[in-house]
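Please read the structure below before turning to the comments.
The values are calculated or read from the model by the stated rules, or taken from the named source; none is laboratory data. This structure is a prediction, so every number in the text was calculated from the model and none was measured. Note that we place each Cβ from the backbone using ideal geometry, even for glycine, and neighbour counts take in every protein chain shown.
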Amino acid sequence: MYLAAKTIDYLIVGQGLAGTLIGYRLERAGHHVDYVDAPEQRAASSVAAGIINPITGRRFVKSWRIDELLPAARSLYGELEALLGVQLWYELPLIRTLFNRGDENDWLARGGDPAYAGYLIDDPALGRIPELTQPAYAYAGVGHSARVDVAALVSAFRVRQRDAGRFHAVALAYPDVVPEGASVRVTLGGDPRRYDRVVFCEGWLARHNPWFGYLPHGGTKGEVLIVRTAAPALDRLFKHRIFLVPQGRNTYWVGATNANRFDDDSPTPTNRQYLEDRLREVLTVPYEILEHQSAVRPTVRDRRPLLGRHPKHPALSIFNGLGTKGASLAPLTSRWLVDHLEDGTALPPEVDLARF
Ligand SMILES: Cc1cc2nc3c(=O)[nH]c(=O)nc-3n(C[C@H](O)[C@H](O)[C@H](O)COP(=O)(O)OP(=O)(O)OC[C@H]3O[C@@H](n4cnc5c(N)ncnc54)[C@H](O)[C@@H]3O)c2cc1C
């Protein structure tokens, strides 16, 4: 728990996962926090499955700093569950398909590394997988996996802020933000206000930000299907060529695609077809498609978040670049940024925007 020496007035621009967690931590430190978000935009946080998968890629590599990220995530989402009265954290085993002997050998080779103890499960319990999906060459289990209901978090937190009169549902125009020495003048809905600090959390749209647009913001578009089956759903996360993520009431999140080049952030017929084809390869029970969604993940060239104060305008900060792993990265990295803003604690160089 931080003790604010002085209450600081903050404005958070963008209330997706990044804006929610940084805002919550600042409020908890005793500061006044307002939020602005353009609800008509597609936010990555409202489309994400929120999978926490500590072992990723074809080579089964442990995610960056996962040993530190996991306890921070469990603790912060647990606090927010209590505050908001919504379940956010689901401990769910993760099973992944091994497609051939090469996969199996790579997996077994990793298992010999003591740093991976507890993360690799060679003979996992499969639950309903054999009942509902095509047989596979072999299966492996990933320990310490979970799912965070990111969309539920963002929406419950928004309701709370709206009820408190701290949420503004508008797209902030950058000319309405004017840094003036130690503070910032902001015009919100025609109403001029003054904030001590502004934290930008605009996701992939940060590329248009006049102060932080120079950073190497990328964007990876992802499309997903929400499907329902008549049969009882899987009781674990399942990674075949795509992920099947049970969401309750026989529905699944199915995805996702990855595209570094895209014309806009809308769903496309081609990717819907791609996802349907992958689903047909794996699921053996009939299903109906309820929704087809898309959004852009805020990625960075070196795959690390972007945190810090603007070099010339210290009243402006950024919390961005959560990429494909926001659910696990955001809890700890938001703490780093708050410590940095509160008492000047140095940011780890891997996430400090000063690296660019
Ligand atoms: C298909 C898909 C699947 C994913 N699956 C997972 C997963 O399983 N696990 C995982 O950990 N991560 C996953 N992610 C990644 C995760 O969603 C992101 O890391 C995270 O949600 C990013 O949060 P954010 O707050 O930075 O961005 P966003 O959620 O995009 O939020 C940015 C917000 O800023 C607002 N905004 C932007 N500009 C302005 C402005 N000028 N004025 C007002 N508001 C503005 C937008 O409206 C938006 O609400 C997935 C992403 C996608 C797209």
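Applying a threshold of 7 Å to beta carbon distances and a minimum spacing of six or more residues, or different chains, the list of pairs starting in the stretch 35-58 at a residue that is outside the structural domain of TRP107 (by TED's automatic domain parsing) and near the ligand (Cβ under 6 Å from one of its atoms) and ending at one that is among the β-branched types (Val, Ile, Thr) and in a loop (DSSP other than H, G, I, E, B) reads VAL36/VAL170; ALA38/VAL170.
Are there any pairs with C-beta distances below 8 angstrom linking a residue in the stretch 96-113 that is touching a residue at least 24 places away in the same chain (Cβ under 8 Å) to a residue that is among the acidic types (Asp, Glu) and assigned to a helix (DSSP H, G or I), with the two at least 6 apart or on different chains, and if so which? What qualifies is LEU98/GLU104.
Taken residue by residue, the stretch 89-102 has at least one member that is part of a strand (DSSP E or B), within 12 Å of the ligand (Cβ to nearest atom), closer than 18 Å to ASP149 by Cβ and of a type outside the set (Ser, Thr, Tyr).
Just to be sure, is ILE22 assigned to a helix (DSSP H, G or I), among the β-branched types (Val, Ile, Thr) and within 14 Å of the ligand (Cβ to nearest atom)? Yes; evaluated as a whole, the condition is true for this residue. A search for C-beta distances below 9 Å between a residue of the stretch 217-236 that is within 12 Å of VAL254 (Cα to Cα) and at pLDDT 95 or above and any residue that is within 11 Å of the ligand (Cβ to nearest atom) and of a type in the set (Ser, Thr, Tyr), counting only pairs 6+ apart in sequence or on different chains, returns GLY222/THR257; GLY222/SER294; GLY222/THR324; GLU223/THR257; GLU223/SER294; VAL224/THR257; VAL224/SER294. Does GLU291 meet the test of being surrounded by fewer than 19 Cβ atoms within 10 Å (Cβ to Cβ), farther than 21 Å from GLY50 by Cβ and not aromatic (Phe, Trp, Tyr)? Here the answer is no, as GLU291 does not meet what is asked.
Considering (1) within 30 Å of GLY102 (Cα to Cα); (2) not in a helix (DSSP H, G or I), the lone condition that LEU70 does not fulfil carries the number (2).
Of the residues making up the stretch 275-288, those that are surrounded by fewer than 17 Cβ atoms within 10 Å (Cβ to Cβ) and either outside the structural domain of THR97 (by TED's automatic domain parsing) or in contact (Cβ under 8 Å) with a residue 24 or more places away in the chain (or both) are GLU276, GLU281, THR284, VAL285, PRO286, GLU288. State the number of residues belonging to the stretch 188-213 that are among the acidic types (Asp, Glu) and either closer than 10 Å to ASN320 by Cα or buried (at least 20 other Cβ atoms within 10 Å of the Cβ) (or both). Number satisfying all stated conditions: 1.
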